[in-house]
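Everything on this sheet refers to the single structure shown next.
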Amino acid sequence: MQQRLLPLFLLALSLIRPVLAQKPNENYKYHIHAATSAIKIDGVMDEEAWQSAEVASNFYMIQPMDTSYSRARTDVRMAYDKQNLYILVVNYKPIPGTLIVESLKRDFNFGKNDNFLLFMDTFNDRTNGFSFGANAVGAQWDGQQHDGGAVDLSWENRWFTVVKNDDEKWIWEAAIPFKSIRYKPGIMEWGVNFSRLDLSIAEKSAWAPVPRQLASASLAYTGVLVWDQPPPSPGPNISIIPYVATRFNRDFRRDNAMGRSLDVGGDVKIGITPSMNLDLTVNPDFSQVDVDVQQTNLDRFELFFPERRQFFLENADLFANFGYSTIRPFFSRRIGLGVPILFGSRLSGKLDKNWRLGLLDVQTAAQDDQPSNNYAVVALQRQVLARSNFRFMAVNKEATNFNSEIHQNHSRYNRNIGGEFNLASANDLWAGKIMFLKSFSPGVKGDDFAHAANLNFNKANFFWQWQHEYVGSNYNAEVGYVPNAARDGYYKINPMIGYLFFIKSPKIISHGPRFINTTYWDKQRQLSDNEMVLVYNVNFRNRGTASVWTATNYVRLLSPFDPTNFGKERLATGTEHRWRSAGFDVVSGPQNLFTYAVSGRFGGYYANGTRTNFNTELGYRFQPYVAIALRSTYNDIRMPAPWNRTEFWLVGPRVDVTFRNNLFLTTFLQYNNQADNVNLNTRLQWRYKPASDLFVVYTDNYLPENFMVKTRALVLKFTYWWNV
């Protein structure tokens, strides 16, 4: 018996050791001291405080290979006073006179810009933090980090930055108010890392070394920011963010009358502690939020569109990252869907080093046949081991004025409770999750739960994943996102394995295969779906990529389905469909002014039909002021009668004009013949003060066949960020 247990013990020990291991880069220390003089944010290193500050240099290359020092010299200095954390970075150009940027657009595309980024683990927990940075012409980047390093760029706050550029170098200088970040009072060490991307030599580097297969944002590999004394308390931290919005709209399909409205509302942010924040909102308005990029839907299930509304974004991972991408008990876009939000509150942040708490309560108005609903969410997270955590969530949706005769298509309540364990090893090579969820709905009992688990291993040359899911036939998450629940309950497995060969070549850095299998069974354990994909990837030194793939598919329909999603005949339940397909993907390197990404798919489809698909994204930049992009999707579906031939076009040209790094004009046109619509959205944003904006948003919707206007709207919105 002991002989049989010994191998199991050794296996468990081998898995636990990397989870409990010490921080990989704890010997990389930067000592920060109080500024010895006043600092002016002007991109000029002429203050005495910068002359006496410690310098972090000798960056390590991450990509294309992580085995040497960086060829691009970078010098970093930091300091602080009672109000702000300061950083000044001198980015020397390895090729004098070069500059590769997309535009002055805020929260720019990381891979298309020369940039410098700061990552701060302000609780030293290797899980949550903040990121700030800029590209080489001064476009700002700020985001909140979660789950070990993922960066949510939708998060915004007040801070100050300037970039100065010449042929030999570009200098980034910034002041980050302590009021704008969250941190534990009294702590003397934060995690910190500095990341540099220089596209002229296609090199990504970092001060504290990071393995090439991981993002430079990985908080597992931060060094240590050592304070000479505890960071100062931010003091009273209350921000009031009112808005005034006026709206003009006309529906040409109805009475053609002009509608007018004036809305007043806003948000309040209250720092309960330096690590806990209370957000309040009254009559929120989201008219300035970027329009969703439309998608051609040839799937049997609902498409996903990310949350962009500011109120829901701080510490959003506490709420949004519970579960999996297709099993979410809470999805904030369900709130205010087609009805106005009256008011809401969110309490979120750290209770101490190990505990995080999130509380949300939102009230919506009644409209037409929809009742007024209250949404309440509790999220609790406990960190364990080095970087892992347990999470608990409870979600309650309750109609506050429910009438069974009026609200026949809506439920009186829906509730979800769940728990999960998230594994993240100290060296970021192992990750995984195990999760259980249960729902409560009126008159429903039994088989109302969901379970899923996965385990991932990721080294530079070898990576694999195992994932399985079970969703009960009565599991219901009305405030969540579970598109596959339409299968009326299912079992699923999703294994993946891949390998990369690294070679010495002037153009190619690595290449290798990847195999992915996705299989579904119904509640009777009968096969309903199977897809097997074999991909071969090539990664180029200029950061371009190429791949070819082949796939086999099997589908047994569990409900009637129109394979065009265009209102045509539906295939019958129980019919079986098999096909093969192949395709390619090519993405150019970002160095040239003209960039492209092209993909294609060729092969079979439902009912012995065929489907040909092309996706293209073409870009051209007149740096740094104008970036033009043209995205298009073409589908050619050929099937027997009564479907015959169906062609879908989705075309979306976009022009971003950045007059300065605080004045932006975006024009986005989307033609979608599946939705029978042409949408034009033009947005002018003037950031006249940090986090304070004036928006002018113009929107048209047209009929594609004759460009007759269906609806038209003009919005003027003024916001002001006022620190009390």
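The values are calculated or read from the model by the stated rules, or taken from the named source; none is laboratory data. Worth saying up front: this structure is predicted, and the values here are computed from it rather than measured. Counting neighbours? That spans all protein chains shown, and the Cβs are built from the backbone with ideal geometry, glycine included.
With respect to the conditions (1) in contact (Cβ under 8 Å) with a residue 40 or more places away in the chain; (2) crowded, with 21+ Cβ neighbours inside 10 Å; (3) within 26 Å of ILE628 (Cα to Cα); (4) among the hydrophobic types (A, V, I, L, M, F, W, C), TRP141 lacks only one, and its number is (1).
In this structure, GLY259 does not satisfy being touching a Pro at 6+ places or on another chain (Cβ under 7 Å), at pLDDT 85 or above and either among the small types (Gly, Ala, Ser) or surrounded by 20 or more Cβ atoms within 10 Å (Cβ to Cβ) (or both).
Among the residues of region 697-724, what is the count of those that are farther than 30 Å from TRP649 by Cβ and among the β-branched types (Val, Ile, Thr)? Qualifying residue count for the region: 2.
So, TRP155, is that one within 21 Å of the chain's Cα centre (by Cα), under 29 Å from THR658 (Cα atoms) and of a type outside the set (S, T, N, Q) or not? It is true that TRP155 is within 21 Å of the chain's Cα centre (by Cα), under 29 Å from THR658 (Cα atoms) and of a type outside the set (S, T, N, Q).
Residues of region 53-90 that are of a type in the set (Gly, Ala, Ser), buried (at least 21 other Cβ atoms within 10 Å of the Cβ) and either part of a strand (DSSP E or B) or without any contact (Cβ under 8 Å) to a residue 24 or more places away in the chain (or both): ALA56, ALA79. Taken over region 582-591, the residue count meeting the criterion of being under 15 Å from THR633 (Cβ atoms) and either surrounded by fewer than 17 Cβ atoms within 10 Å (Cβ to Cβ) or over 24 Å from the mean Cα position of the chain (by Cα) (or both) is 1. Tell me yes or no: at least one residue of region 125-134 is of a type in the set (Val, Ile, Thr), touching a helix residue (DSSP H, G or I) at 6+ places or on another chain (Cβ under 7 Å), modelled with pLDDT under 95 and under 17 Å from ALA215 (Cβ atoms). Looking for residues that are of a type in the set (Val, Ile, Thr), touching a helix residue (DSSP H, G or I) at 6+ places or on another chain (Cβ under 7 Å), modelled with pLDDT under 95 and under 17 Å from ALA215 (Cβ atoms), one finds at least one in region 125-134, hence yes.
When each of SER287, SER218 is tested for being among the small types (Gly, Ala, Ser) and modelled with pLDDT under 90, the lone residue that passes is SER287. For region 344-385, enumerate the residues that are among the small types (Gly, Ala, Ser) and closer than 21 Å to GLY480 by Cβ. Scanning region 344-385 gives GLY344, SER345, SER348, GLY358, SER372, ALA376, ALA379. For region 101-131, a residue qualifies if it is outside any strand (DSSP E or B), touching a strand residue (DSSP E or B) at 6+ places or on another chain (Cβ under 8 Å) and more than 29 Å from ALA386 (Cα to Cα), and the qualifying residues are VAL101, GLU102, SER103, LEU104, LYS105, ARG106, ASP107, PHE108, GLY111, LYS112, ASN113, ASP114. Quick check on region 296-340: of everything there that is part of a loop (DSSP other than H, G, I, E, B) and of a type in the set (Asp, Glu), which residue is modelled with the highest pLDDT? Per the stated criteria, the residue is ASP299.
Taking region 438-530 and the strands (runs of 3 or more DSSP E) fully enclosed by it, the elements with 3 or more residues that are within 21 Å of PHE392 (Cα to Cα) and either free of Cβ contacts under 8 Å to residues at least 24 places away in the same chain or not polar (S, T, N, Q) (or both) are at 449-458, 462-471.
Each row is one residue, and each column tells you yes or no for (1) closer than 30 Å to ASP529 by Cα; (2) surrounded by fewer than 20 Cβ atoms within 10 Å (Cβ to Cβ).
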| residue | (1), (2) |
| --- | --- |
| ILE270 | no, yes |
| THR281 | no, no |
| ASP290 | no, yes |
| PHE301 | yes, yes |
| PHE305 | yes, yes |
| PHE311 | no, no |
| LEU318 | no, no |
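If the condition is being over 23 Å from LEU303 (Cβ atoms), crowded, with 16+ Cβ neighbours inside 10 Å and among the charged types (D, E, K, R), then region 473-515 contributes only ARG514.
Does ASP263 satisfy the condition of being without any contact (Cβ under 8 Å) to a residue 12 or more places away in the chain and either not aromatic (Phe, Trp, Tyr) or not in a loop (DSSP other than H, G, I, E, B) (or both)? The answer is no for ASP263. Of everything listed in (1) within 24 Å of ALA139 (Cα to Cα); (2) surrounded by 15 or more Cβ atoms within 10 Å (Cβ to Cβ); (3) at pLDDT below 95, the single unmet condition for LEU694 is (3).
Condition check: modelled with pLDDT of 95 or more, farther than 20 Å from THR564 by Cβ and surrounded by fewer than 16 Cβ atoms within 10 Å (Cβ to Cβ). Does PHE594 satisfy that? Criteria met by PHE594.
Every condition in (1) of a type in the set (Val, Ile, Thr); (2) farther than 21 Å from ALA150 by Cα; (3) not in a strand (DSSP E or B) holds for ILE32 except the one numbered (3).
Those residues that are part of a strand (DSSP E or B) and surrounded by fewer than 13 Cβ atoms within 10 Å (Cβ to Cβ), I need them from region 563-577; list them, please. Correct list: GLU576 only. Here TYR183 meets each of (1) under 17 Å from LYS689 (Cα atoms); (2) not in a strand (DSSP E or B) with one exception, condition (1).
Let's see how each residue does on (1) over 18 Å from TYR324 (Cβ atoms); (2) surrounded by fewer than 16 Cβ atoms within 10 Å (Cβ to Cβ):
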position: GLU405; (1), (2): yes, yes
position: ASN414; (1), (2): yes, no
position: ILE417; (1), (2): no, no
position: ALA453; (1), (2): no, no
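Among the residues of this structure, ALA607 counts as one that is surrounded by fewer than 15 Cβ atoms within 10 Å (Cβ to Cβ) and closer than 27 Å to GLU647 by Cβ. Within region 180-190, the set of residues being charged (D, E, K, R) and either under 24 Å from LEU429 (Cβ atoms) or surrounded by fewer than 21 Cβ atoms within 10 Å (Cβ to Cβ) (or both) comprises LYS184, GLU189. Annotation note: of ALA607, ALA629, ALA675, the sole residue that is in contact with an Asp or Glu (Cβ under 9 Å, 6 or more places away or on another chain) and either without any contact (Cβ under 8 Å) to a residue 40 or more places away in the chain or outside any strand (DSSP E or B) (or both) is ALA629. Residue count for region 191-224, restricted to those that are surrounded by fewer than 24 Cβ atoms within 10 Å (Cβ to Cβ) and aliphatic (A, V, I, L, M): 7. Checking GLY567 against (1) at pLDDT 95 or above; (2) within 26 Å of TYR634 (Cβ to Cβ); (3) small (Gly, Ala, Ser), which single condition isn't satisfied? Tallying (1) at pLDDT 95 or above; (2) within 26 Å of TYR634 (Cβ to Cβ); (3) small (Gly, Ala, Ser), GLY567 fails exactly one: (1).
Across region 536-554, the number of residues qualifying as closer than 20 Å to GLY589 by Cα and either within 25 Å of the chain's Cα centre (by Cα) or part of a strand (DSSP E or B) (or both) comes to 12. Within region 144-169, the set of residues being assigned to a strand (DSSP E or B) and surrounded by fewer than 23 Cβ atoms within 10 Å (Cβ to Cβ) comprises HIS146, ALA150, VAL151, ASP152, PHE160, THR161, VAL162, VAL163, LYS164, ASN165, LYS169.
Looking across region 64-118, just one residue is acidic (Asp, Glu), under 26 Å from the mean Cα position of the chain (by Cα) and at pLDDT 95 or above, and that is ASP114.
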